[in-house]
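This report refers to the structure that appears directly beneath it.
The values are calculated or read from the model by the stated rules, or taken from the named source; none is laboratory data. Model, not experiment: these values are computed from the prediction. Backbone-built Cβ (ideal geometry, glycine too); neighbour counts: all protein chains shown. Note: areas computed on protein heavy atoms with side chains; ligands, DNA, RNA excluded. Shrake-Rupley method; radii C 1.70, N 1.55, O 1.52, S 1.80 Å.
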Amino acid sequence: MSKNAILTGLVIFILAVLLPFWVNLGGTAAAPKPEISARAKAAGRCILDKYDMRADHMQLLGKWRNSVVRHSNRLYKTADGKVFTMSLSTGKNSCLGCHEGKEKFCDKCHNYANVAPYCWECHTTPKEINQ
Amino acid sequence: MNQKYLVPLAGVFLLFLVAYTGVEGAGLQWLFGVVVPYAALLAFLAGFFYRVMGWASSAVPFRIPTTCGQAKSLPWIKQNWVDDPDTAGGVFVRMLTEIFLFRSLFRNTRAAFHRNEKNRLSYSWEIFLWVGAMAFHYSFLVVILRHLRFFTSPVPGCVKFLTKMDGILQIGLPELRISGVVLLLAVFFLLLRRIFDAKVSYISQAADYFPLFLILAIAGTGICMRYFTRVDIIGVKELTMGLVTFHPVIPKGVGGLFYAHVFMVSILFAYIPNSKLMHMGGIFLSPTRNMANNNRAVRHINPWNYPVKVHTYEEYEDDFREKMIEAGLPVDKKE
């Protein structure tokens, strides 16, 4: 193989490896901030600590789903003794009841990190249907 | 147990512990999250460039394609134009099948003696190495491409689509990624093959085991973070985006396991140019695959031939004619 052909291939490879750098030229690293609704602010604390909630909420919701669907147990007791209804989108005490607006809260981080959970295949907010 | 795999296994454990304790105990987030990844990328690119350019400037004096089928011959004999190509097009297709489908591995055979009184040697088709290699390489590719979600914002549609297809089984929350499971199983298979197949074990060195253990540890820590110990993914992306935009930040609340994962990936990248993993680039330059089998159809002239100064007989006779005539030797030209 000629040296020029090899060099061309090598340059293409190096550019491909460096893709994340030149795609982000001039960009910033800022992560989005989900909007905390007035109600959530007033409550001051979610059902778990902030970092636990960030890391574990999907697993918690998975457990809730199994608990509600398979064992019809709808009550969740937090570490500090408060009781919540296990629900993503129904009622004032559900996740979306407090964190108003999926696109203002959930989607902010989900879109940033390319997370497309299938929660929304069943749970939809009425606003979304109207759109 | 033998040291050929105990030493690399211990080495990978040590690498994990260095990063994990370095972050959890000594607070060296900057070292393992920023300095080491940048250094590893530089080492990878520079090393890769150096190795490939070294190969590019090596002499390839002979046309040595491996012939794996009927060569071009008389017009009524059908040529196998992929396995024994005589044109650039055939070579291109052959290289495609080699790079994307591991064609020569597909033809892998094993030699064994019949276990009966005849005790005859026979060769049988052995496909499992090919299956394991395909599963390993493609799942690893998907895993790497999926990780582009940490280095792009917004994430491109193709990465989104790939991720969606990877999680199409919708098992659990966060949903199971097929590539992760396949990668782990395939690395395990390739490792167990090296350990338990006596013939392969005999030719395996520490340099063969080390990348397997390292990739196993990388996949293991990644799977652990995703499904079991959990990690703040937004914090992780802040760090990775900080790296690619040259504004490194150390997020709060991301633990030692993540830094151990990043450290081992960095080690893998830095290790690639110095190891057998360079087959990544080397496969393109294999002279037995990337040359057309046209030895007889085309005259191949040594590219570094130079005009050789020769001293012909006529010149020799011119030099010594008188002496030759005196000695009575026959000459072509008299005066």
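One line per residue, one yes/no per condition, for (1) facing another protein chain (nearest Cβ under 8 Å); (2) over 27 Å from residue B:270 (Cα atoms):
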| position | (1), (2) |
| --- | --- |
| B:153 | yes, no |
| B:167 | no, yes |
| B:172 | yes, yes |
| B:182 | no, no |
| B:186 | no, no |
| B:194 | no, no |
| B:219 | no, no |
Residues of the range B:171-230 that turn out to be basic (Lys, Arg) and modelled with pLDDT of 90 or more, as a count: 4
Candidates A:38, A:42, A:55, filtered to the one that is within 14 Å of chain B (Cβ to nearest Cβ) and among the aliphatic types (A, V, I, L, M): A:55
Long-range neighbours under 7 Å by Cβ, at least six apart or interchain, first residue under 12 Å from residue B:67 (Cα atoms) within the range B:289-304, second of a type in the set (Asp, Glu): B:289/B:98; B:292/B:86; B:293/B:84; B:293/B:86; B:294/B:86
Pair list, Cβ under 9 Å, 6 or more apart: the range A:1-17 residue of a type in the set (Lys, Arg), other residue surrounded by 11 or more Cβ atoms within 10 Å (Cβ to Cβ): A:3/B:53; A:3/B:56
Residue match in the range A:31-45 (condition: under 30 Å from residue B:145 (Cβ atoms), of a type in the set (A, V, I, L, M) and modelled with pLDDT under 85): yes
Near pairs, Cβ below 6 angstrom, 6+ apart or cross-chain, from the range A:80-100 (more than 14 Å from residue A:123 (Cβ to Cβ)) to any residue that is open to solvent by 70 Å² or more (accessible area, probe 1.4 Å) and part of a helix (DSSP H, G or I): A:98/A:39
Pairs with Cβ under 8 Å, 6+ apart, first in the range B:216-233 and on the phi > 0 side of the Ramachandran plot, second of a type in the set (A, V, I, L, M, F, W, C): B:230/A:55
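Residues are listed down the side, and each one gets a yes or a no for (1) open to solvent by 10 Å² or more (accessible area, probe 1.4 Å); (2) within 14 Å of chain A (Cβ to nearest Cβ):
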{"position": "B:244", "(1), (2)": "no, yes"}
{"position": "B:248", "(1), (2)": "yes, yes"}
{"position": "B:251", "(1), (2)": "yes, yes"}
{"position": "B:257", "(1), (2)": "yes, yes"}
{"position": "B:261", "(1), (2)": "yes, no"}
Residue match in the range B:322-333 (condition: open to solvent by 20 Å² or more (accessible area, probe 1.4 Å), touching a helix residue (DSSP H, G or I) at 6+ places or on another chain (Cβ under 9 Å) and of a type in the set (Asp, Glu)): yes
Any pair with Cβ under 9 angstrom, 6 or more apart, that starts in the range B:188-214 at a residue that is outside the structural domain of residue B:10 (by TED's automatic domain parsing) and ends at one that is in a helix (DSSP H, G or I) and surrounded by 15 or more Cβ atoms within 10 Å (Cβ to Cβ): none
Some residue of the range A:88-105 being crowded, with 16+ Cβ neighbours inside 10 Å, facing another protein chain (nearest Cβ under 10 Å) and charged (D, E, K, R): no
Residue in the range B:63-70 that is modelled with pLDDT under 95 and touching a Gly at 6+ places or on another chain (Cβ under 6 Å) present: no
